[in-house]
2 protein chains.
Amino acid sequence: MLLLRAVAGRRLPPLPLPRRGCSRLPPSSPTAAGRRGAAPVLAALLGLGAVLAYGERRRRGAQAAQATPVPRYPLYTREEVGRHRSPQDRIWVTHGTEVFDVTDFVELHPGGADKVLLAAGGALEPFWALYAVHSQPHVLELLREYKVGELSPEEAPPAPDATRDPFAGDPPRHPGLRVNSQKPFNAEPPAELLAERFLTPNELFFTRNHLPVPAVDPSSYRLRVEGPGGRALSLSLAELRSRFPKHEVTATLQCAGNRRSEMSRVRPVKGLSWDIGAISTARWGGVRLRDVLLDAGFSEEREGEWHVCFEGLDADAAGAPYGASIPYGRAVSPAADVLLAYEMNGEELPRDHGFPLRVVVPGVVGARSVKWLQRVAVSPTESPSHWQRNDYKGFSPCVDWDTVDYTTAPAIQELPVQSAITHPRPGAAVPEGELTVKGYAWSGGGREVVRVDVSLDGGRTWRVARLTGERPVPGRAWAWALWELQAPVTAGAELEIICKAVDGSYNVQPDTVAPIWNLRGVLSNAWHRVHVTVSR
Amino acid sequence: MLLLRAVAGRRLPPLPLPRRGCSRLPPSSPTAAGRRGAAPVLAALLGLGAVLAYGERRRRGAQAAQATPVPRYPLYTREEVGRHRSPQDRIWVTHGTEVFDVTDFVELHPGGADKVLLAAGGALEPFWALYAVHSQPHVLELLREYKVGELSPEEAPPAPDATRDPFAGDPPRHPGLRVNSQKPFNAEPPAELLAERFLTPNELFFTRNHLPVPAVDPSSYRLRVEGPGGRALSLSLAELRSRFPKHEVTATLQCAGNRRSEMSRVRPVKGLSWDIGAISTARWGGVRLRDVLLDAGFSEEREGEWHVCFEGLDADAAGAPYGASIPYGRAVSPAADVLLAYEMNGEELPRDHGFPLRVVVPGVVGARSVKWLQRVAVSPTESPSHWQRNDYKGFSPCVDWDTVDYTTAPAIQELPVQSAITHPRPGAAVPEGELTVKGYAWSGGGREVVRVDVSLDGGRTWRVARLTGERPVPGRAWAWALWELQAPVTAGAELEIICKAVDGSYNVQPDTVAPIWNLRGVLSNAWHRVHVTVSR
């Protein structure tokens, strides 16, 4: 590895070093002419300092190219590439069959150094696919300057696990996801990408699976809707689409366990250790649950307390399906926008997100937006599912596993006001000058985020962040607000950055975690705190 | 005064001491026989220790009565009685024309010592009127033991101010109210009585007037409802009652400034210094605003953003009326229960609360429940009123009077989750043994209070309080929850009692006041903290 590192440490293509006798591919040869046109485009993308640095790099690169014979590249396995994930080990990435050492490019990346690091040790394509700016010729040309090798031709995607593992049929996932549990699959987008876009790309949308992903044949799929008086509807996907008007809603979904890791630091809790990313936003397309219920024979007004129960096609080893319910009033309210969705951001629902049909309950904890929906029924009681009755409830910090009584707390439906800082990241060294703090904020029940306060000094003084994103319909603010704040910071300072949001009912986040601690680690919405240092 | 104090300090009726030659009324003479039957009733009301003490008192009282000739009583003015308001000065009260020194009864009062002290120096009747338990013969008999004098016969209620003061026509008020401003009248019930009943007696309901109370002739009163297309309704009270079904709602109203005094202690704010009592609950009777709007020609669905604007008959010196508005969707929603109320707790609306007709918007800040309603209109913009546009809005703690921009914040509608401790009072010395902590909790938007956590150690550990009161319809929890918690406390302890509530959307109260401080001192809903000491 010492030789490889030394070679990789150079900015220019290395001399050909045949490895394992496998150097079969012809080397590519970067030339100065080939990079023509890249600098002006980058000038628009980068700040002036970065452009100057890039110009200097080009000049030296061109000189070196003239002095160097046509290079040949060593071959690497994916596993070898995967060892290069930090500046100390050098940062390698692949594109196609090419291997690049981008260590020296990281700080020049127009989208921020943190974004490049997400791909460290792996393939660029899944990340480039999310950001159209990369699909321009100059980007690949720029990258070629950093080429250090080729992937061994025998490298191929790993074969799927063909054992009788119930999760063997799970779909492939984006490598950028931060995996909290592989089986069942639970993963969140990295914080660096979380609030980069108002709509989360489907590939990065947080995934909260309780069970293996069912494999559904869309042609034989039927949704069963239990109507009043023993009648029932059985609807194919084509019938759903043709019988009911299409309705689209932009809505954020959040897991009850989002930010659980902060709660665990107070005292251990049971649950997946979500960071701040168990929340994402999509444009959902489908039919209104209301329309389907009315078509099934239910009326808008219904005396007494009723619940609409959902069952998924995902089931445990004993065949018990995932289930949840919501109050009837929400299900039939035209203002509540509850969907049976078949589209996510203009595409067919991905398998991890409920293909071919899922519930989307805007403003409500994600656990009620049942995926792979197979059955809808109206009941005088809540869903009998474990996840409705004996999970996803909040308790006092004084309740422990010996004293907990799930009947004493209501099932979580609407979630409280929430916000988090996505940039900078905890422990970062940020440069002096103008610091940009970024993040998201959201509240349940359609309550709009009306303000985000940010402190750089641990809560002693506050500033008001600028909210971005679409202005919602009052009372139907289903999607998050993104926000940012610019503030000058001086070298050497230690900053405790805090954000706290206010919603349209003027609810605020609690100051600290301990008083809202609960044994399941749900509803973690205290002020988000990020410590950083300011470097020169 | 020395002689009077010495006399008043005795437990038994004093010797007759004619004062100012005005001793005209025949003295009443307590006898042991006259008190028969009091002890068994009190035994039910008081704890055993108190009953024993009461028995001993009876015995000695009877002995003394036998040894004392028929007493004659000195005469006092109300002003003289008013000087006896503390144990040091002795605690005097009046009932009818009689004057009593109840200093030694205070600790024996079945309803708590704090309640008796509310009447100290004044008349008992306004307080007894609130608590039917007092209208039993034995209560007056018990009281007579403490008689020390008579009111001078020339004492009469003070004449109303007949000057041109615009507030001269304001109605008389209950003496138990804590007055924050006399003109306009703003007052709250004393904390000791606040949560004693689920429904606040009308006389004690917090009063928040912005202007003088209008004098309305109910026979000529008309409500004007501006319909679509220039049509308008003009409705008499009789027409309102006959044309629309009566609808009743139990709803809590809270002023945006409730608990402002706690915010002022962080930094000065502008506004009346409300304690924890700018909140009260009543059973309101009237007609649905929805029914009136539909009758006026409006439809349930209305494209775009609309507001229902209210104008009161209360007006400033320039004739500008009080005004406010709510979103159209809330006004027409059958689930929002917005009323035009003519009844309060089964009685005609009191003048201070909007006689003959007021708006009641459940779950929303009191400022939108316009009193003395004269006009309803639907508008594409909010009410132009000062109180809608340039008041009753929340701001960041960093906003001051130089930087405030009222257009940047939404008008407060739904209020955030709130709770407060009504017993014990701050600074109290509570007896060792079992301490009962009591209070109220409420949240805006019909969100039910699902839990109240109480700490006796400044927030280090928590217990769950017992909620009392009516179970609400889900999503329409318009009324507060009362709560209490029993806990053992040991002599010498200093307790920092804290309460914090959780609502149905799992919103919680913020830990501290400073981060929610705002220049107008509204939305003060941090944890309520009460320091007490435990005595032996």
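To the nearest 100 Å², how much accessible surface do chains B and A cover up together, summed over both, with a 1.4 Å probe? Could the numbers behind the result be given before it?
Working: alone 23440 and 23460 Å², together 44080 Å².
When B and A are taken together, about 2800 Å² of accessible area is lost.
Equivalent ellipsoid of segment B:307-407: semi-axes from √(5λ) of the C-alpha gyration tensor, largest first, are 25, 17, 14 Å. Between identical copies, the spacing of B:A429 label points, each set 7 Å from Cα toward the C-beta atom, reads 6.1 nm from nearest to farthest. Sorting the Cα pairs of segment A:169-254 by distance into bins of 10 Å, from 0 upward, gives 13, 30, 32, 20, 4, 0 percent per bin.
Based on the Cβ-Cβ distance from A:D89 to B:D89, what FRET efficiency comes out when R0 is 60 Å, to the nearest 0.05?
Using R0 = 60 Å, I get an efficiency of 0.15.
Ordered by solvent-accessible area of protein heavy atoms (1.4 Å probe), largest first, the residues A:T461, B:T200 come out as A:T461, B:T200. Between B:A479, B:G492, B:S455, the Cα set farthest toward the positive side of the dipole of segment B:455-536 (charges on each charged residue's Cβ, about the Cα centre) is that of B:A479. Would you mind classifying segment A:447-536 by shape? Square roots of the alpha carbon gyration tensor eigenvalues, ordered a ≥ b ≥ c; an a/c under 1.5 is rounded, otherwise it is prolate if a/b is larger than b/c and oblate if not. In terms of gyration-tensor shape, oblate. For B:E301 and A:R466, the FRET efficiency from 1/(1 + (r/R0)^6), where r spans their Cβ atoms and R0 equals 35 Å, is about 0.55. Looking at the square roots a ≥ b ≥ c of the eigenvalues of the Cα gyration tensor of segment B:171-310, which shape do they give, rounded for a/c under 1.5, prolate if a/b is larger than b/c, or oblate? Prolate shape, in that a/c is at least 1.5 and a/b is the bigger ratio.
Step through the table entries B:K270/B:K393; B:K115/B:K438; A:K115/A:K500; A:K500/B:K270, compare each Cα-Cα distance with 18 Å, and write down the pairs that go over it.
Violating the 18 Å limit, Cα to Cα: A:K115/A:K500; A:K500/B:K270.
Peptide A:510-518 shows a mean partner chain C-beta count of 5 within 10 Å per residue C-beta. Taking label positions 7 Å along the Cα-Cβ direction at both A:K270 and B:V106, the computed distance is 5.3 nm, reported to one decimal. The share of accessible area on segment A:407-489 that comes from carbon and sulfur is 51 percent, using a 1.4 angstrom probe.
Per residue of A:94-100, other chain Cβ atoms within 10 Å of the residue Cβ number 0 on average. Fully extending the segment from B:S219 to B:Q136, taken as 0.36 nm per residue of separation minus the present Cα-Cα distance, adds 26.0 nm.
Straight-line cross-link partners of A:K246 among the lysines, defined as a Cα under 19 Å from its Cα and at least 8 positions apart when in the same chain: A:K371.
The values are calculated or read from the model by the stated rules, or taken from the named source; none is laboratory data. From a predicted model like this one, the values you see are computed outputs, not experimental measurements. A quick note on method: Cβ atoms are made from the backbone with ideal geometry, for glycine too, and the neighbour counts reach across all protein chains shown. Surface areas here come from the heavy atoms of the whole protein model, side chains and all, with no ligands, DNA or RNA. Shrake-Rupley method; radii C 1.70, N 1.55, O 1.52, S 1.80 Å.
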